[in-house]
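The values are calculated or read from the model by the stated rules, or taken from the named source; none is laboratory data. Quick caveat, the model's predicted, so the values are computed rather than measured. FYI the Cβ positions are ideal-geometry reconstructions off the backbone, even for glycines, and counts take in every protein chain you see.
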């Protein structure tokens, strides 16, 4: 059964206030692509781009029918990090103004992190600074082999503060300390070894093929179960495996078994048919 995108998503696609900086494309079965659209500036972040992304991610959180969200950059570059003019202006602002400015970036990343649907970064060209954080805040990241990464903030006397919660979760504290402290540039193969990237593909054409494959695969997964599975990871990560946690996980699977998706999924399996949410062939 198809899950068409409803009005909240359509409104985002048609909103002229965000179309110049963020392009949003949605298919009828719920695959959404959010594209950073500042190719002349290598999709570098400034206040306006951050605001447009936050608005898009916040709306997508509550839009029904969304099954997967791809995040990418226009013009062959994911994101070069912070815009130079934006950084130049920040140097002349007060600490309080800079705190407010940085908090907008933090809110944007949290809006992406909290989206219940699967989120996938499609990374090519370069992902520096905040661009790496944007990829780390997604559930999966697919990168072309030629992509280069760097937490370059220390080379400017800065630190990768607002992106750090997502990056540390992705690659662990020791690896993060080394990369944060050196600002070294590393390739996609290394990004995959440390857990920042889920998959490395040859080129842009292979990146498109990966997007199509993931879109097909996610359509076989129950959307409510996907959201609950993501919430489960957040709730059990680094928790002591005690009686309370055991009871909580037992309660969660029991609820899933008697819930509408669990009932439909098991019946479909036993009856050798596709469940109602599966839209693929």
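The C-beta contact set for region 42-54 (first residue free of Cβ contacts under 8 Å to residues at least 40 places away in the same chain and assigned by TED's automatic domain parsing to the domain that holds residue 22, second residue crowded, with 20+ Cβ neighbours inside 10 Å and part of a helix (DSSP H, G or I), distance under 8 angstrom, 6+ apart or interchain) comprises 52/18. Whether a residue is touching a strand residue (DSSP E or B) at 6+ places or on another chain (Cβ under 6 Å), modelled with pLDDT of 95 or more and part of a helix (DSSP H, G or I) was assessed, and residue 200 does not pass this test.
Can you report the number of residues in region 233-279 which are part of a loop (DSSP other than H, G, I, E, B) and within 28 Å of residue 31 (Cβ to Cβ)? Residues meeting the conditions: 11.
Before we move on, is residue 92 in a loop (DSSP other than H, G, I, E, B), closer than 20 Å to residue 161 by Cα and either free of Cβ contacts under 8 Å to residues at least 40 places away in the same chain or not assigned by TED's automatic domain parsing to the domain that holds residue 23 (or both)? Considered against the rule, which asks whether it is in a loop (DSSP other than H, G, I, E, B), closer than 20 Å to residue 161 by Cα and either free of Cβ contacts under 8 Å to residues at least 40 places away in the same chain or not assigned by TED's automatic domain parsing to the domain that holds residue 23 (or both), residue 92 comes out as yes.
Comparison of 150, 164 shows that the only residue that is closer than 20 Å to residue 41 by Cα and in the same structural domain as residue 38 (by TED's automatic domain parsing) is 150.
Here the condition is being more than 22 Å from residue 67 (Cβ to Cβ) and within 23 Å of the chain's Cα centre (by Cα); of 178, 195, 224, it holds for 195 alone.
For region 206-217, the condition holds for no residue, the condition being that it is in the same structural domain as residue 25 (by TED's automatic domain parsing), more than 26 Å from residue 108 (Cβ to Cβ) and touching a helix residue (DSSP H, G or I) at 6+ places or on another chain (Cβ under 8 Å).
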